[in-house]
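Structure, as structure tokens:
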Amino acid sequence: MLEVVNLEKSFGGIKAVDGCSLKVKQGSITGLIGPNGAGKTTLFNLITGFYELDGGEIWFSGEKITGLSPHKIARRALTRTFQIPRELREMTVLENLMVVPENQMGERIWNSFFRPGVVRRQERELRDEALDVLEFVELIDLANEYAKNLSSGQKKLLELARTLMAEPKMILLDEPGAGVNPTLMRKLTKNIENLRQRGKTFFLIEHDMDLIMNLCDTVIVMDKGRQLAEGTPDEIRENESVLEAYLGGR
Amino acid sequence: MILEARNIKAGYGGVEILHGISMGVDKAEIISIIGPNGAGKSTLMKTILGLLKPTHGKIIFDGHDITGLDPDKIVRRGICYVPQTDNVFPSLTVEENLEMGAFIRKDDFRGRMKEIYGIFPDLKEAKRFRVRKLSGGQRQMVAMARALMLDPQVLLLDEPSMSLSPRLVKLIFEKIVEINKSGVGILMVEQNAREALKLCHRGYVLAMGRNKFEDTGQALLNNEKVGKLYLGG
Amino acid sequence: MSLGAFLALISLTLLRGLGIPGTPFGPLSFGLPMILAFFIALLLTGLAAIIIDRILYLRLRRTGPIVLLVASIGVSFFLRNIIQFIWGPQPQYYFKAIQIARKIPLLGIRIKPDEVFIIIVAALLVIGLHFFLQKTKTGKAMRAASDNMELARVSGIDTEKVIMWTWAIGASLAAAGGILAGIEDKFITPDMGWQMLLPIFAAVILGGIGNPYGAMAGGMIIGLSGEISTAFISTAYKPAVAFVIIVIMLLIKPRGLFGTR
Amino acid sequence: MDTLVGILNYLVFFAITAGIYAVLCLGLNIQFGYTGLFNIGIAGFYAVGAYTSALLSGPPPGPLDWRTVGGFQLPWVVGLLGAIIASGIIAFFIGLLTLRLKEDYLAIATIGIAEVIRLILKNEGWLSNTVWGIKHIPSPLHQPIEAGVSSFLKGHPQLSPWLIHFISNAYNWFYLALVLVILGLLYWVSERSIRSPWGRVLRTIREDEAIAAVSGKNVFSFKLQSFVLGAMVMGMAGSLYAHYAKFIDASSFEPLYGTFLIWVMLIAGGSGNSKGAILGAFLIWGIWAGTDFLTGYLALSATRVASLRVIAIAILLELVLLLRPQGLLGEEKAVSKMMGK
């Protein structure tokens, strides 16, 4: 599904991602762990086109997406969340979601004037879809609230809701668990599981080892900008070099 | 206890992250704080240093209440801090970084600088270089050296081993012990939990903004529950 | 900049009034009062900048850069029109003597003594700024704060004070620029700052934003190319040359010649 | 009664100018209020609109003119369209150049192009007739209306003076209606588009470009659309001005009148809100025009009063920024109106 070959990225002479190669299988839930500063978020930013890479190639569902701009990558049905939740502050929660789907008819300005019927119908569908998603993440009561008035936990949920609005083949989640309460976390886990059954692929950065162990079928460990190990959660748990890098040895 | 936090509650923009954390550091001690991501470790450091005002609780330093003081006031009293990231001034030289560390000192700080170069001989070699050109390990040393310029009684370190190779991690930890031996109390947050627990006198385990465990480093290392909470092993 | 030039005019008038002898120094067309006025104007402009910072920008610091930009455009209109209110839009003169350019024997170029003075003062200011930023505690703190504001705070640096200094120095330098331009052109007008705005932006972009040495080099290039351009196109378009350079720069190297960010 | 008519006639004159400013504000609101694009060269687009329209629909150069081009005496509508297109083309190229870069560059480029345009208008006699400007720009339907009025007045010689006074002003009433119709149309278009999915993307870009990008929106293309559309509206305002004033020269497009006042209007009225943009235009123009009488009271020279007025407006701007940064009417919760209830 996703293959990264020899990625390189450095900031001011320091290599954040240093010859990283890894693969994420279609339909898998792959966890990405590693010490802080291992280059996990940088890797996500490279894959989604937010950073220009210094070297290497990225392949997604058989196509080379190296060097494409973020919106073009998003249009190939590869979407992401942000580690620190980002929200459209001066827009309502509902609008935060309704903007997500791509290629809406009404995004061409003339359609709102010359084909209002079609736009209107699509808008109604979008609204219903967005309300369903809000219902699911328990933000429905805040649908008409400005996003800036949400608490940081709620913003985290909004971030998740946004990915649910997109129709991605693959979702990159940057620390989906941080700051989400356990009940909701369980629900979220279940939903990721469901979506996977419907054919979506997940690639997620997470520090919560319980979540990784429960959810992921493959775990990739990154350290110093490259892949250190890959395996099932159980294999990773027993891997000496992982313990060395992540826990600092026994 | 030279520095003590009592039942601290704090957070960002109305969201509480620390739900009542208490801990203390003695002058001769190295204290490690470990815990899963999002447990509030860095938030605690920022609260102690006054970058974040606690909504509840007290911070006592050297017998005085320093709760809610501005960072520069707290630094003046003798608590210095090395942040997790962005902890150096990249466009300044090594020596200028140290001078900035001593910014509030009115006296001649060259003696102190010499002492610090004694701890970090590498830096003396590189003192005319801009920090931007240094490696990650050297930068971390610059960051620590900068914070030591004021001769603090307590040094707060936020993940000092972050993104360093094992060799450098070892070196940095050796330096931390050396600094502590020179009479500076150390409070550090570490992801590299095992190493941190090995070298510290006492450790605190935080989770979800609360104290979970508190014991000597060795005892925490041997504690099965702590092992599980951190990497199921 | 205009403010500085006019504050120099006030000081000059005041000092003449105080009876300080205005005999020109040697070949220069001005004397002690002008020199004193120069320093007083720098001081006063710096002070004015600090006052504006305290009243206005301090409160807007938390808002976005665009609000600050709008606010500063407002301030520029405010200051310009205060000057215009007091003196009117017509040019004001520091002195009226006309100077004759003298030939420098070796280089074969003609130059006025006043211009030599301007070059020396400009060079002194550049060296002074360099010395200030590199050697003094406040200068270093300024560079530190520009690197990393939060770290500066946890190092015990009073960042508010640093910002104040930055304002004062920036404004004083602008004032110096205004006064020197006034000496060169013989007159000053309320909108001289506005006229220079585009070339200044161009110089900063050319040098790379955030790089004072780049800005100095950029200033030289913009200034020279503006003058050279007059050989080919109408003088009226001198300001436009700066714009064309900006456009070319944006096309080929948006981070500036020496830009690091 | 006659004074009353005088006041009324003045109000009509006032409302036309304020209406033209309101059009400019709506243009800026599309760029800045919706998309967050920082255009500080409004005057440039305004001037291009005015000159294009004047050259297309205006008279050929007179014997004393330097100007050698233009004067095709095309219908007013053609001039208006030309103004819109010309401003749009210039905006397109500026946008192409700067909208991919950091926001400061757009600001610098717009201020630069405005200055360059002003220099060209001042210096290129063949095009602009330099400081003598372009005269005798025809106002739409001026002849027939004036003819109608004079024949009506001739037919009714017994009317009281104030009524004659009132009726003679008919053309201004007509022009006011024209401006208001255009303003209303623009208001409707601008409200409809901001509440459409298109407008939603613009506001998303204003709030956070990264979110727009991960949602598959071509940020650059949307910014360009917004910038060009806004500039076209500004060009339209230029045409409206030229055909009303009948005479234009470079001094009408100085940064003060052409850019600064419009920013103050939008900020005071409420950026991001079309109603606010219009309210701001009328209000600030009201204050501006209202302070005109200061000359009489303060016994100061005209230039001094002008400075005093700018000072007052500048202080007003800073006060609004400090005390009510969202403007009189803040942005409305603009949930799509395209989905019904």
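The values are calculated or read from the model by the stated rules, or taken from the named source; none is laboratory data. The shown structure was predicted, so the numbers you read here are calculated from the model rather than taken from an experiment. Using ideal geometry, Cβ is built from the backbone for each residue, glycine included, and neighbour counts are taken over all protein chains shown. Accessible surface areas use protein heavy atoms only, side chains included; no ligands, DNA or RNA. Shrake-Rupley method; radii C 1.70, N 1.55, O 1.52, S 1.80 Å.
Amide H contacts of A:Ile65: A:Ile58, A:Trp59, A:Phe60, each under 5 Å away and 5 or more positions distant or on a separate chain (H built 1.01 Å from N in the peptide plane; Pro and chain starts excluded). The heavy atoms of C:Val204 offer some 50 square angstrom of accessible surface to a 1.4 angstrom probe. To the nearest ten degrees, helix B:166-181 and the longest principal axis of the Cα atoms of chain B are 90 degrees apart.
Computed per residue of chain A from DSSP H runs no shorter than four, each worth -39500 (n - 2.57), the mean residue ellipticity at 222 nm is -10500 deg cm²/dmol. For chain D, the membrane-span-like helices by this rule, meaning whole DSSP H stretches whose C-alpha atoms cover at least 27 Å of axis and whose Kyte-Doolittle mean is 1.0 or above, are D:2-28, D:76-98, D:170-194, D:219-245, D:302-323; this says nothing about an actual membrane. Counting only protein chain heavy atoms and rolling a 1.4 Å probe, the accessible areas of D:Tyr241, D:Tyr105 rank, largest first, as D:Tyr241, D:Tyr105. Taking a ≥ b ≥ c as the square roots of the eigenvalues of the Cα gyration tensor, chain A is classed as prolate, since a/c reaches at least 1.5 and a/b is larger than b/c.
What total accessible surface area, summed over both chains, is buried at the interface between chains A and D, computed with a 1.4 Å probe and given in Å² to the nearest 100?
Values: alone 12940 and 16510 Å², together 26210 Å².
Chains A and D together bury approximately 3200 Å².
Nothing charged except the Cβ atoms of Lys and Arg (+1) and of Asp and Glu (-1): what's the magnitude of the dipole of chain A about its Cα centre? Round to the nearest 20 debye. Write down the numbers at each step before the final one.
Values: 33 positive and 37 negative charges, 137 e Å.
Around 660 debye, computed over chain A.
Note on surface exposure: D:Phe227, B:Phe129 rank B:Phe129, D:Phe227 by accessible area, highest first, 1.4 Å probe. Using the Karplus relation 6.51 cos²θ - 1.76 cosθ + 1.60 with θ = phi - 60°, the per-residue 3J(HN,Hα) values for region A:63-80 come to 10, 7, 10, 4, x, 6, 6, x, 5, 6, 5, 4, 5, 8, 6, 10, 10, 8 Hz, with x marking Gly and Pro. Heavy-atom accessible area with a 1.4 Å probe sorts B:Asp158, B:Asp72, largest first, into B:Asp72, B:Asp158. With R₀ set to 25 Å, the beta-carbon distance separating D:His156 from D:Asn9 gives a calculated FRET efficiency near 0.85.
Summed over qualifying helices (DSSP H, 4 residues or more, each -39500 (n - 2.57)) and divided by its residue number, chain B shows a 222 nm mean residue ellipticity of -10500 deg cm²/dmol.
If you take every DSSP beta bridge fully contained in chain A, what fraction is antiparallel? Give it as a percent rounded to 5.
Numbers: 21 of 37 bridges.
Once the DSSP bridges in chain A are tallied, antiparallel ones form about 55 percent.
When a/c is below 1.5 the answer is rounded, else prolate if a/b is larger than b/c, else oblate, so apply that to the protein assembly as shown with a ≥ b ≥ c taken from the square roots of the Cα gyration tensor eigenvalues. Oblate is the answer for the protein assembly as shown, as a/c is 1.5 or above yet b/c matches or exceeds a/b. Rounded to the nearest 100, the interface formed by chains B and A buries 1800 square angstrom of accessible surface, both chains summed, with a 1.4 Å probe.
With both labels modelled 7 Å from their Cα along Cα-to-Cβ, the B:Lys53 to D:Thr291 distance reads 3.8 nm.
With respect to the cross-link table entries B:Lys175/C:Lys161; B:Lys127/B:Lys170; A:Lys64/A:Lys155; A:Lys72/D:Lys102, which display a Cα-Cα separation exceeding 29 Å? Result: B:Lys175/C:Lys161; A:Lys64/A:Lys155 exceed 29 Å.
Solvent-accessible surface (1.4 Å probe) assigned to D:Phe174 amounts to roughly 60 Å². The 3J(HN,Hα) values that the Karplus relation (6.51, -1.76, 1.60; θ = phi - 60°) gives for region B:113-130 are, in residue order, 4, 4, 4, 5, 4, x, 6, 10, x, 4, 5, 4, 4, 9, 5, 8, 7, 6 Hz. Gly and Pro appear as x.
With the convex hull of the Cα atoms taken as the outline of chain B, the averaged projected area works out to 12.2 nm². Under the shape rule built on the C-alpha gyration tensor, where the axes satisfy a ≥ b ≥ c, region D:2-253 is oblate, since a/c reaches at least 1.5 while a/b does not exceed b/c. Residues of region C:105-147 that lose at least 50 Å² of accessible area (1.4 Å probe, protein heavy atoms only) when the other protein chains are present, relative to their chain alone, are C:Lys137, C:Lys140, C:Arg143, C:Asp147. Label-to-label distance for D:Leu64 and B:Lys9 is 8.3 nm, based on points extended 7 Å past Cα in the beta-carbon direction. Put simply, the amide H of D:Arg67, placed in the peptide plane, has neighbours under 5 Å in D:Asn129, leaving out anything fewer than 5 places away on its chain.
The residue list B:Val177, C:Phe77, A:Phe203 was ranked by how far each Cα lies along the charge dipole of the protein assembly as shown toward its positive end, using unit charges on Cβ atoms, and C:Phe77 comes out on top.
Just to confirm a number: summing +1 for Lys and Arg and -1 for Asp and Glu over residues other than C:Gly226 whose beta-carbon lies under 15 angstrom from that of C:Gly226, what do you get? It would help to have the intermediate numbers written out before the result.
Values: positive: C:Lys238; negative: C:Glu184, C:Asp185, C:Glu227, D:Glu115.
Combined, the nearby Lys, Arg, Asp and Glu give -3.
A Cβ-based charge dipole, computed about the Cα centre of the protein assembly as shown with Lys and Arg at +1 and Asp and Glu at -1, lands at about 1000 debye. In the complete set of protein chains, residue-level accessible area for A:Glu90 is approximately 70 Å², probe 1.4 angstrom. Its Cα centre serving as origin, chain D has a Cβ charge dipole (Lys and Arg +1, Asp and Glu -1) of approximately 640 debye.
Using the Cβ-Cβ distance between D:Arg324 and A:Glu238 with R0 set to 45 Å, the FRET efficiency from 1/(1 + (r/R0)^6) comes to roughly 0.10.
Looking only at region A:223-243, which residues have a backbone nitrogen under 19 Å from a spot 7 Å from the Cα of A:Lys23 in the C-beta direction? The answer is A:226-233, A:235-236, whose backbone nitrogens lie closer than 19 Å to the label point. At an R0 of 25 angstrom, the distance between the Cβ atoms of B:Lys181 and B:Arg76 translates into a FRET efficiency of 0.50. Distant-in-sequence amide contacts of B:Ile2, defined by a placed amide H-H separation under 5 Å and a gap of 5 or more residues or a different chain, comprise B:Val25, B:Asp26, B:Lys27. Across chain D, the mean sequence separation of Cα contacts (distance under 8 Å, 6 or more residues apart), normalised by length, yields a relative contact order of 32 percent.
Between B:Lys212 and C:Lys161, the simple label model (points 7 Å from Cα in the Cβ direction) yields a spacing of 4.4 nm. Couplings 3J(HN,Hα) for region A:136-145, derived from phi with the Karplus relation 6.51 cos²θ - 1.76 cosθ + 1.60 (θ = phi - 60°), are 5, 8, 6, 10, 4, 5, 9, 3, 9, 7 Hz, where x marks Gly and Pro.
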